[in-house]
Amino acid sequence: MNIFRLLPGVPLIAFTAPATLPAQNMTPEIRQDIARLLTLQVLTHIGELQETLGAAFQKTLYVNTYRSIVLSGKECPQPEATACPAAAILANKQLHRYGGDFEGKDVMTSIHTELDTYDLNQATYQSELELIRKRLREHYLPILKQRELAKERQLLRINATRPEVTVLPNGIQFEIEPGNQDIRDISRSTSETGITFYTRITRDIQFDALPESIRQIADQLPPASSWTFYIPYEAEQAAEEAGRRAAQDMAARREERLQQLIPDHMRNSRPAPPTEAAAPPRERKPLLRLKVWKDTPEYPATVRPDAIETVI
């Protein structure tokens, strides 16, 4: 299955996901939890659609569409073209995230058993859903993360063999479009004015909104009309940690200089600076792909680039 979609002006890259991935530490209990989670997601979705559409909702059509995709074990390439796109889209999402870690027939058996008795507002279902999610966060997500990182390493090895790709010391890979008169420098220190970095969804982002790992190596990048980056999970994680340490060091130096300016008899009376609570860690997917165009009033970008997107 090709990982990258074909986008205007962007060649399709023949990245292929590994055929099989190890099921390290998978247990029957985890598989049962996944199957139960998917069952509750489907029943909840059906309940919401019934509340919204009323008599227009065709429950049997929904279940049949969902069954055909989940039991096949393969994502539907055109969910919008199915008899019930809402069911196809949910089935695709579940297959994409959980793959072969659940038995489709177990999910369908549970759905049929509870289809006519499930109550969207029952507290017992909601509490069960929260407990399952908690167990999966503790026991399944670490397994999933290791698989994704293994897949990321394989995809990056493949990408690095392409002649147009450059690999930086921090692991980031990039390729450029040389362009003609609209060649620009990505660095914030450029002398140009009014520059924004365009993405297809947000339309424009400033330099400070680019991933930390890109901003830290901006001066190493050659001038171009566009840059396409492949950002490994560990590269962005390391860059964010380096940025946090730099901010902490700067704050410590600022406090030290301030202490030197305060007379000795006033130092003990000065209240300690407030400490900021550490931000919770962000859930980040491996291997981001980001393409940015630079835009200026003189040479506006005529094609909007890709938004930040996950490859895995």
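Look at the Cα gyration tensor of the stretch 42-186: its axes a ≥ b ≥ c give a/c of at least 1.5 with a/b over b/c, and that counts as prolate. Multiplying the residue separation of N25 and A246 by 0.36 nm and removing their Cα-Cα distance gives an extension gain of 75.8 nm.
Please report the spacing between the Cα centers of the stretch 234-249 and the stretch 128-148 in Å, no decimals. Centre-to-centre distance over Cα atoms comes out at 27 Å. Per residue, the stretch 106-185 exposes 58 Å² of solvent-accessible protein surface, assessed with a 1.4 angstrom probe and all protein chains in place. The alpha carbon gyration tensor of the stretch 17-103 gives principal lengths a ≥ b ≥ c with a/c of 1.5 or higher and a/b no greater than b/c, which makes the shape oblate.
The values are calculated or read from the model by the stated rules, or taken from the named source; none is laboratory data. Small disclaimer: the values here were computed from a predicted structure and weren't measured. When the accessible area is computed, the model is the full protein with side chains, heavy atoms only, and any ligands, DNA or RNA have been set aside. Shrake-Rupley method; radii C 1.70, N 1.55, O 1.52, S 1.80 Å.
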